[in-house]
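Asks: Sending over a structure as structure tokens; questions will come in a sec.
The values are calculated or read from the model by the stated rules, or taken from the named source; none is laboratory data. Keep in mind it's a predicted model, so treat the numbers as computed, not measured. Backbone-built Cβ (ideal geometry, glycine too); neighbour counts: all protein chains shown.
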Ligand SMILES: Cc1c2[nH]c(c1CCC(=O)O)Cc1[nH]c(c(CCC(=O)O)c1C)Cc1[nH]c(c(CCC(=O)O)c1C)Cc1[nH]c(c(C)c1CCC(=O)O)C2
């Protein structure tokens, strides 16, 4: 029988949804912290196929999730295009910036990314051998707008102001950068599929700051282009899109982009999403990650409410965003128990 996750993505309605979590391999797990220490730092872990495969497998061993997500980061693509990338402990990523034509001209062509990203493909090949047969393997990349916000600002920003400013001041350069990221993302996800990813997910974490026509031009259109290219090369490989904080624009996103599944953040009302988003296909997400810190009967009730809200259509149980380092690993088991007994 096909894997539970693949069945949901194909549109099958299941009484108990498949479960996985954004950032399921991460700092809330002591075994992750130990392996990261062994690798030296986060980026060394991403580029060490044996250890990256090991941390991908850790949450599968502990919890038996229905899917494993490749351990890597969306910012490896800018690095593969030639940007400098480093992580400041307790603060987050830092990159060399792209704000002038000369910065853009110094980037590598999209086709050069495999030189840097080859270890990621090796991680996937290891996982295809080591994962339990019922566990689906998810590859991923950042969506062009979200990746561009980091490349322009050189860091994470609360409002993506530097990227909005470049868009206003030098639209040609801004669009050239989005195009380069789009081309690289197609090649990267295609190579992930060839290495064994059965599903791919596109993270547009900052889609919510694109308003009006900008949302269509810089969130919908690049996702549509990436999905069309992947569907042409790899028919039958499902794609999950995550336009975080898209609000009302969640409605129609799957139809407009060709995505097989839309991931919902935790600000979306589940009943609204069941009526307006799930009518077009599979949905995933929505549980507030804070429940993984606070736990208790509130967690059970919130998890069950999501299962019930989406029971009328194809559904993958997930959080609305990544699990945080202060989460209690026991609450993850509690969530799984609540979903599987709902
Ligand atoms: C925006 C973004 C990034 N990375 C990612 C996104 C999109 C999803 C989202 O909105 O969170 C995606 C990502 N990052 C990571 C994964 C691995 C797979 C998984 O388990 O979900 C995935 C899918 C590992 C990671 N990526 C990062 C960690 C923590 C690094 C560590 O071990 O110190 C992990 C496990 C670091 C990272 N990477 C990024 C930031 C802003 C940070 C620092 C903030 C933080 O520490 O949480 C960029």
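Okay, residues lined up against (1) surrounded by 15 or more Cβ atoms within 10 Å (Cβ to Cβ); (2) more than 22 Å from the chain's Cα centre (by Cα):
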position	(1), (2)
95	yes, no
99	yes, yes
102	no, yes
106	no, yes
110	yes, no
117	yes, no
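Asks: Can you tell me which residue within segment 192-216, out of those that are part of a helix (DSSP H, G or I) and in contact with a strand residue (DSSP E or B) (Cβ under 9 Å, 6 or more places away or on another chain), is farthest from residue 53 (Cα to Cα)?
Replies: The extreme case among them is 215.
Asks: Can residue 233 be described as touching a helix residue (DSSP H, G or I) at 6+ places or on another chain (Cβ under 6 Å), within 15 Å of the ligand (Cβ to nearest atom) and at pLDDT 95 or above?
Replies: Considered against the rule, which asks whether it is touching a helix residue (DSSP H, G or I) at 6+ places or on another chain (Cβ under 6 Å), within 15 Å of the ligand (Cβ to nearest atom) and at pLDDT 95 or above, residue 233 comes out as no.
Asks: Determine if segment 33-55 includes at least one residue that is within 10 Å of the ligand (Cβ to nearest atom) and in a loop (DSSP other than H, G, I, E, B).
Replies: Yes: one or more hits.
Asks: Restrict the check to segment 140-148 and report whether at least one residue is farther than 19 Å from residue 75 by Cβ and at pLDDT 95 or above.
Replies: no
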